[in-house]
Amino acid sequence: MRTLLAVVCTTAVALLATAAAAPAAVLTTLNGIETEAQFVDPTSEADGIDQEPVLGRMAQMIRATPNDGWIAFGLFSFDSGDVLSAIKDAKARGVRMWAVQSGNQDNPVAQEMRQYVDTKLCHTFDNDACIALKVGDGHPIQHMKYALFSRTKNTGGAYRDNVVWFGTANLTSLSGARLFNDTLTIYNDPALWQDFRELWVAQWNGSPRTSDLYGLSLGHFTGTSGIEVAASPSATTDTVVANLKRITSGAGCEVRVLTAKLTRLDIVDRLVDMKGWGCAVAVVYGEGKCVAIDPLDEAGVLVKQSDKIHSKTILARGTAGTTVVLTGSQNFDVPSLRAIDELHARVPATPALYSGYLNYYARAWYAASWEHGCS
């Protein structure tokens, strides 16, 4: 049966992309707002910025920030030498920079970065630059990946104000260059930028401290672009499932999941339901448990596994043809929803944006294996 499914799915995905590498970037407009998607394809043989589109583009935007500008980072892990070099240059020019950070704090490159960027750590209860509460003997985690620029240049070299960058990638040589990841840059969406800024200030201040950030106005907001942001922790609402429920299911519906982790059974149950209602559902995951993977197999969902996945992304087309991308830092496990500072966004996808994500997904599908150790 799996062999037959492999033939069917390989044929279907082959319609989405050729064997060539997926584009490193896609430019589009969302409700009139200039938007750029960046894709990390670790199977690509391209050189230069195309090989490291996320790190390279981040370094470009930092270098293009005017001397009197500022940047606010929300970081988990950091070790990119190229981005550090851009930060040093920006600091020397007078650019003001701040960061909240949680991961790999002892990394030498991260330590050097903090010499140039005024940084607060989300680590101990006495110095928490985050919102989630301490859980048990652990410490809060700031896992969001985003940056706010007062002003920088787009890829065409034109200055833009109120720039927001967010996605699935850390600014590291592994996550940012050698694992499948995707990010979005939104230019001059003042509403989105201001709401992100308020969220960043709350993390910087470590206030409010709550187990239900999503339940506050601070934790969910929508930009002029139509991008809807849901922040975690969320005490009652599964923000991924809530967005899946908005996709009209039936014949012609399609759902493609590309996720580093898949252990949250509410997400699995929804995917199984959507498959039963007529949606074509395919999943590529990095880490999972058979209690989550077996029900997908049994429902006829096409499932592959890969150790090159760091995305937390879903592509969906409803029965009416409406396309959306769900993406952000939130892994599809319970702690990421209930106990960690995370972002999950619903992005209305233009044909160009959706096509770019489909090509990106196809590359990850080709690189994955049917052998996942379950069923």
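Within the range 76-99, residues that are within 21 Å of Cys122 (Cα to Cα) and at pLDDT 95 or above have Cβ atoms under 6 Å from residues that are surrounded by fewer than 21 Cβ atoms within 10 Å (Cβ to Cβ) and of a type in the set (Asp, Glu) in these pairs: Trp98/Asp118, counting only partners at least 6 apart in sequence or on another chain. Hey, can you tell me all the residues within the range 246-278 that are within 16 Å of Leu315 (Cβ to Cβ) and of a type in the set (D, E, K, R)? Those that are within 16 Å of Leu315 (Cβ to Cβ) and of a type in the set (D, E, K, R): Arg246, Glu254, Arg256, Arg270, Lys275.
Every residue, every condition in (1) among the basic types (Lys, Arg); (2) in contact with a Phe, Trp or Tyr (Cβ under 7 Å, 6 or more places away or on another chain); (3) closer than 27 Å to Glu34 by Cα, yes or no:
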residue: Trp277; (1), (2), (3): no, no, no
residue: Lys289; (1), (2), (3): yes, no, no
residue: Gln305; (1), (2), (3): no, yes, no
residue: Pro335; (1), (2), (3): no, no, no
residue: Ile340; (1), (2), (3): no, no, no
residue: Arg346; (1), (2), (3): yes, no, yes
residue: Leu353; (1), (2), (3): no, no, yes
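Picking from Lys304, Lys275, which residue would you name as being crowded, with 19+ Cβ neighbours inside 10 Å and assigned to a strand (DSSP E or B)? Spell out how you get there, then give the answer.
Numbers: Lys275 fails: assigned to a strand (DSSP E or B).
After applying the criteria, what remains is Lys304.
Of the residues Leu133, Leu179, the single one that is surrounded by fewer than 20 Cβ atoms within 10 Å (Cβ to Cβ), touching a residue at least 40 places away in the same chain (Cβ under 8 Å), more than 24 Å from Gly69 (Cα to Cα) and in contact with a Lys or Arg (Cβ under 8 Å, 6 or more places away or on another chain) is Leu133.
Scanning the range 140-161 for residues that are surrounded by fewer than 20 Cβ atoms within 10 Å (Cβ to Cβ), touching a strand residue (DSSP E or B) at 6+ places or on another chain (Cβ under 8 Å) and either assigned to a strand (DSSP E or B) or without any contact (Cβ under 8 Å) to a residue 24 or more places away in the chain (or both) gives Ser150, Arg151, Lys153, Tyr159, Arg160, Asp161. The criterion of being outside any strand (DSSP E or B) and in contact with a Phe, Trp or Tyr (Cβ under 7 Å, 6 or more places away or on another chain) holds for Phe196.
So, Asn170, is that one within 26 Å of Ser336 (Cα to Cα) and surrounded by 24 or more Cβ atoms within 10 Å (Cβ to Cβ) or not?
Working: within 26 Å of Ser336 (Cα to Cα): yes; surrounded by 24 or more Cβ atoms within 10 Å (Cβ to Cβ): yes.
When the stated conditions are applied, Asn170 passes them.
The values are calculated or read from the model by the stated rules, or taken from the named source; none is laboratory data. Small disclaimer: the values here were computed from a predicted structure and weren't measured. Cβ atoms come from the backbone with ideal geometry, glycine included; neighbour counts cover every protein chain shown.
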